[in-house]
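The values are calculated or read from the model by the stated rules, or taken from the named source; none is laboratory data. Owing to the predicted nature of the structure, the values given are computational and were not obtained by experimental measurement. Don't worry about glycine lacking a Cβ; one is built from the backbone with ideal geometry, like all the others, and counts go over all protein chains shown. Accessible surface is based on the protein model in full, side chains and every heavy atom, while ligands, DNA and RNA are left aside. Shrake-Rupley method; radii C 1.70, N 1.55, O 1.52, S 1.80 Å.
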Amino acid sequence: MLQETPPDTATAGTPHDRHRHLFKRYIAQASNYPPFTIDAARAEGVYLWDTDGKRYIDFISSICVNNVGHRHPAVMQALETQMQRYLHVMVYGEFIQQPQLELAEALCALLPPQLRKVFFLNSGSEAVEGAVKLARLKNHRREIVSFAHSYHGSTMGAMSLLGEEAIQAVFKPLLPEHRLLPYNDRAALARITDQTCCVIAEVIQSGGGVVEADDAFLQALRRRCDETGALLIFDEIQTGFGRSGQWFAFEKSGVVPDVLCLAKGMGGGMPIGAFVAGEELMALLDNEHPLLGHASTFGGHPLSCVAALASLRVIASPDVLPQIQAKERRIRGHLARIPAVEEVRGRGLYLGAKLKDAATTQKVVERCLQNGLIVFWPLFNKAVVDFTPPLTITNDEIDEAMEIFRRSVAEAGA
């Protein structure tokens, strides 16, 4: 029988003191840095409040998740309406569920005609796993190519594609026959051969420090995959859904992948992921594998699907997607007046500010947190500060956030 947990006599002080103690005692940690341990009480729009009433500007959108901000009214209304209908009713792909149909139709309408069938999942890692399985079914090859400083998830398959050997080492053996190439190096693409199953690439690398692929590199990559019969997979798990200033970052290059992986900003704050491919390619999951080629109990959960559809409609509004480039210019203008910022990378509201070194960045990020601004650094390049605010952020909120950043840089002695 489940009973109320008795008070922990080892804790004393404020509710936050107790919560922090319980967090460390019971919650498994998976951070690449000691956790911020903000004791979240509520959130709305660009702001988050802790249990002590302190307000923070979430300038990373919970790592590119809350593209329309926290608890957007349209998302909340969609969730409330769907909760009156049904929640989980059957494992993914067995029952017809209107939220899945409407979201898939809306998503495909945003994509090129080559990408017309959606497999819904719960996360980006699952999307990457499904995309690689699909490639294996297509050409029955084994070698997988990814790029240095890439990040595609933390499941065993996705971690096999990671562009950092030091993180992989303790979990080996991972997927065999994985080849790592330098990013943005067209000459290296010759190492993709007729033995290569698939190539997976981020259009803008996240963990590498907000590094954008050259259009010419992506175009050469597409040609090389066509020449060798390897499938091209784009990972837009962080860059999708307007963050780059376009619906998808790959649109700028004119290159269309064979498979597109999506998640994070898709769900308006709810967990959802997907991989999208052509109809004939996606049919291989049914026709060449008799059972459970890729399965998900909670994939395409109706609550996540209605939240995602509502989020898409918000992003498509005249006040959001068409305004992103102007908001980018506003942030860049503020950063240009901060001498410690050596370089600004990225596009749209997927930006990174390069500082002197990792130690400087850590001090600045910590000062920002103390001053009520949530920013962070990329996984593999800790000399960069990430700026990925909600796409719905206002000019006044940008100015407020950038003033806190300027002051924090000065206080950190950068």
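Points to keep in mind about this one:
- Of the GluC sites (Glu not before Pro) found in the stretch 62-107, those that fall in a DSSP loop while having at most 11 other beta-carbon atoms within 10 Å are E94.
- Cross-link pairs beyond the 23 Å C-alpha cut-off, checked among K24/K382; K54/K363; K133/K382; K264/K327: K24/K382; K133/K382
- The accessible surface of the stretch 227-313, taken with every protein chain in place and a 1.4 Å probe, is 51 percent carbon and sulfur.
- Computed extension length for H19-Q370: 124.5 nm, one decimal, from 0.36 nm per residue of separation with the Cα-Cα distance subtracted.
- Computed over the stretch 125-230: relative contact order in percent, which uses C-alpha pairs under 8 Å that are six or more apart: 30 percent
- Across the stretch 49-117, the volume of the C-alpha convex hull divided among the residues equals 162 Å³ per residue.
- Taking all pairs of distinct alpha-carbon atoms in the chain, Kirkwood radius in angstrom: 22.4 Å
- Cα-based Rg / Dmax (Å) for the stretch 256-414: 19.9, 62
- Straight-distance candidates among the lysines for linking to K138, with alpha-carbon spacing under 20 Å and chain neighbours fewer than 8 residues away dropped: K117.
- In this Cβ point-charge picture (+1 for Lys and Arg, -1 for Asp and Glu), the stretch 282-409 has a dipole of about 520 debye about its Cα centre.
- Accessible surface area normalised per residue over the stretch 57-156 is 47 Å², counting heavy atoms of protein chains with a 1.4 Å rolling probe.
- Percentage relative contact order, the stretch 213-339, counting C-alpha pairs under 8 Å, at least six apart: 21 percent
- Anisotropy class of the stretch 343-396 from Cα gyration tensor, a/c 1.5 cut: oblate
- Prolate/oblate/rounded call for the stretch 252-329, Cα gyration tensor, a/c under 1.5 rounded: oblate
- The simple spin-label model puts a point 7 Å past each Cα toward its Cβ; for T155 and L110 those points are separated by 2.2 nm.
- Phi-derived couplings, Karplus 6.51 cos²θ - 1.76 cosθ + 1.60 at θ = phi - 60°, listed residue by residue for the stretch 112-125: x, x, 5, 10, 9, 9, 10, 10, 8, 9, 10, 7, x, 4 Hz, with x used for Gly and Pro.
- Per-residue ellipticity at 222 nm from helix content only, as computed over the chain with -39500 (n - 2.57) for each DSSP H run of at least four residues, stands at -10500 deg cm²/dmol.
- The stretch 161-227 versus the stretch 381-414: alpha-carbon centroid distance in Å: 31 Å
- The calculated FRET efficiency for the pair H140 and R85, based on their C-beta separation and a Förster distance of 45 Å, comes to about 0.60.
- Rg(Cα)/(2.2 N^0.38 Å) for the stretch 141-244, N = residue count: 1.02
- For the stretch 24-98 and the stretch 229-256, distance of Cα centres in Å: 24 Å
- Once C-alpha pairs closer than 8 Å and six or more residues apart are averaged by separation and normalised to the residue number of the stretch 36-160, the relative contact order reads 13 percent.
- Three-way shape label, the stretch 230-296, alpha-carbon gyration tensor, a/c 1.5: oblate
- Model label zone, E411; criterion: amide N under 14 Å from point 7 Å along Cα-to-beta-carbon; scope the stretch 370-398: 370-375
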